[in-house]
Amino acid sequence: MTGRLDDLELDSLKQEAIGWVRRLTSGAVTAAEAEQFKRWRGKSPEHAAAFAAASNLWRDLGVAGENVRKRQRSVGSHSRNAGVGLLHRRAFLGGGLAAATIAAGAYVAARPPLDLWPSIAELSADYRTRTGEQRDVSFADIAIRMNTRTSIAREPSSSDMDRVRLITGEASFATAGQGRTLSVIAADSEIAATAARFDVSYLQDADGTASVCATCLQGELRVARGAEATTVVAGQKIRYAANGAKDLHQVDVDVVSAWQEGVLVFRNTALKDVVNEVNRYRRGRIIVTNAQIGGVPVSGRFRISRIDDILTQMEQAFGAKMRQLPGGIVLLS
């Protein structure tokens, strides 16, 4: 079996349904395509059932992947030696993935659609949070607050430096300032600090491309990408886009770090960007199919624990139409 869902023996209707799941979660659905999908799904009960089955398949794979992670964690917790535990968790990954594949009738892809289950890289992480979960981690003189859908791996350290890799997601780091340097690697960027508190994110933007952001909350950071290094001080945020473009600017620290208090704060933020952020905290995906609504500025303060309340407010404030679909998919037009 190869690494593509298309290799499964599916009839044409099921393959069409999977194609729609992929298209609806691509982030580039137009209003015309959304109407085309509604017509396709409404052709017959078989069409609607095929789409529901395709959505459930992704969800079932997500459960299988989550079970692998739990088994990995169990294996690691029984090891007395931290280094051996790390080896066991990663060595177990191969067999665990195979078992999950058989159980689900498919396999975990390297870049899973719909974000309903973790990628292979995320499953190999030492610390990971699920959708909507936040977690505190500490080791040596480092305190880490992990946000939703975040995966972190510990890297080999030296006598004067601790290293971690942010595989995906967002986390806040705090160093004790005891002379040791903390190095956080995200994609091709490295953020280093000796006495600081800072946020790092490696996330997909609304256009589907990934970017690395580092925000200095206290102290000072050295952010390096290739041969270029930039000093970032408290109240500044640096962003590296996928194409290499760099943006350094001032930010409101209270807004940037609000997620640590269980709150999302938006100030004149385009609705499409608000949706992109909200999608990180809920299962499935909200898709804006109306470009005009997508550009409407949004300001507000929302509790992460009640994240779906924002959908109701979008309906009431902007007259948006909301359509709920299986798999947590919501079309907003």
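The values are calculated or read from the model by the stated rules, or taken from the named source; none is laboratory data. Only a predicted model underlies this, so the values are computations on that prediction, with no experimental measurement involved. Virtual Cβ from ideal backbone geometry, glycine too; neighbours counted across all protein chains shown.
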Within region 14-31, take every residue that is at pLDDT 70 or above and in contact with a Ser or Thr (Cβ under 9 Å, 6 or more places away or on another chain) and give me the one that is nearest to Gln324 (Cα to Cα). Val21
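Okay, residues lined up against (1) closer than 26 Å to Phe139 by Cα; (2) in a strand (DSSP E or B):
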residue	(1), (2)
Gly169	yes, yes
Phe173	yes, yes
Ser183	yes, yes
Cys216	yes, yes
Leu248	no, yes
Trp259	yes, no
Val265	no, yes
Val274	no, no
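Here's the yes/no breakdown for (1) among the aliphatic types (A, V, I, L, M); (2) in contact (Cβ under 8 Å) with a residue 24 or more places away in the chain:
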site: Arg222; (1), (2): no, yes
site: Ala227; (1), (2): yes, no
site: Val256; (1), (2): yes, yes
site: Glu261; (1), (2): no, no
site: Leu311; (1), (2): yes, yes
site: Glu315; (1), (2): no, no
site: Pro326; (1), (2): no, yes
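Every residue, every condition in (1) farther than 29 Å from His47 by Cα; (2) modelled with pLDDT of 85 or more, yes or no:
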{"residue": "Leu271", "(1), (2)": "yes, yes"}
{"residue": "Asn279", "(1), (2)": "no, yes"}
{"residue": "Gly295", "(1), (2)": "yes, yes"}
{"residue": "Arg306", "(1), (2)": "yes, yes"}
{"residue": "Gln313", "(1), (2)": "yes, no"}
{"residue": "Arg323", "(1), (2)": "no, yes"}
{"residue": "Val330", "(1), (2)": "no, yes"}
Does Ser138 fit the bill of being assigned to a strand (DSSP E or B), touching a residue at least 24 places away in the same chain (Cβ under 8 Å) and small (Gly, Ala, Ser)? no
Mind checking which residues of region 295-310 are buried (at least 18 other Cβ atoms within 10 Å of the Cβ) and part of a helix (DSSP H, G or I)? Ile304, Ile310
